[in-house]
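Trainee: Have a look at this one.
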Amino acid sequence: MNTIRNVATVLSAALLVSLAACASSMPRAERLALYQAHAGEPMQKIPYFSPQGWEEVDENHILLTMRPSEVYLMKLNGPCLDYDNGKATMLITNTAGYVQEKFDRVSFGTGMNCRIEEIRQVDMKAAREAGKASSAVKT
């Protein structure tokens, strides 16, 4: 059972890396529009456990991956991402295992932190398909 879980985790990570590679070649505004188009309604709070990764979308948005099927677009209130200096580590405050909009904060260990203004879950399967279709039209 552990072997199956490990293989699934590796495959999921590979899928995320390939999506990030495709997304990172898009202009920031286009990536944000893609994720926003496939995001649900704002959520007041989400369960928080050890995230698998994150991606800077633009200076005010991050994409937080908790699991391959659980990805959130977070809008931040400040310029935190301008001052991260390429740090791979991001810290998110949480209360009793939940991250709440307008309460919890994101930081990169630089002393600066930003409040999470909005949290929306992204349908990554739909976003991937739309991203593929968009890149096929351009070529």
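Trainee: State yes or no: is Val71 touching a helix residue (DSSP H, G or I) at 6+ places or on another chain (Cβ under 6 Å), crowded, with 16+ Cβ neighbours inside 10 Å and at pLDDT 90 or above?
Mentor: Spelling it out, Val71 is indeed touching a helix residue (DSSP H, G or I) at 6+ places or on another chain (Cβ under 6 Å), crowded, with 16+ Cβ neighbours inside 10 Å and at pLDDT 90 or above.
Trainee: When you check Arg128 against the structure, is it surrounded by 12 or more Cβ atoms within 10 Å (Cβ to Cβ), in contact (Cβ under 8 Å) with a residue 60 or more places away in the chain and among the basic types (Lys, Arg), yes or no?
Mentor: Details: surrounded by 12 or more Cβ atoms within 10 Å (Cβ to Cβ): yes; in contact (Cβ under 8 Å) with a residue 60 or more places away in the chain: yes; among the basic types (Lys, Arg): yes.
Yes; evaluated as a whole, the condition is true for this residue.
Trainee: Taking interchain pairs and intrachain pairs at least six residues apart, which have beta carbon atoms under 7 angstrom, with the first residue in segment 76-104 and modelled with pLDDT of 80 or more and in a strand (DSSP E or B) and the second of a type outside the set (S, T, N, Q) and surrounded by fewer than 14 Cβ atoms within 10 Å (Cβ to Cβ)?
Mentor: From segment 76-104, the pairs are Leu91/Gly109; Tyr98/Pro47.
Trainee: Still on this structure, please answer the following. So Met26 passes all but one of these: (1) modelled with pLDDT under 90; (2) part of a helix (DSSP H, G or I); (3) surrounded by 15 or more Cβ atoms within 10 Å (Cβ to Cβ). Which condition number does it fail?
Mentor: It is condition (2) that Met26 fails.
Trainee: I would also like to ask the following. Which of the residues that make up segment 49-58 are under 13 Å from the mean Cα position of the chain (by Cα) and in a loop (DSSP other than H, G, I, E, B)?
Mentor: Pro51, Gln52
Trainee: Considering only residues that are modelled with pLDDT under 95 and surrounded by 15 or more Cβ atoms within 10 Å (Cβ to Cβ), look in segment 35-57 and name the one that is farthest from Ile116 (Cα to Cα).
Mentor: This residue is Gln52.
The values are calculated or read from the model by the stated rules, or taken from the named source; none is laboratory data. Note that this is a predicted model, so its numbers are computed, not measured. Quick reminder, even Gly has a Cβ in these numbers, built from the backbone with ideal geometry, and neighbours come from all protein chains shown.
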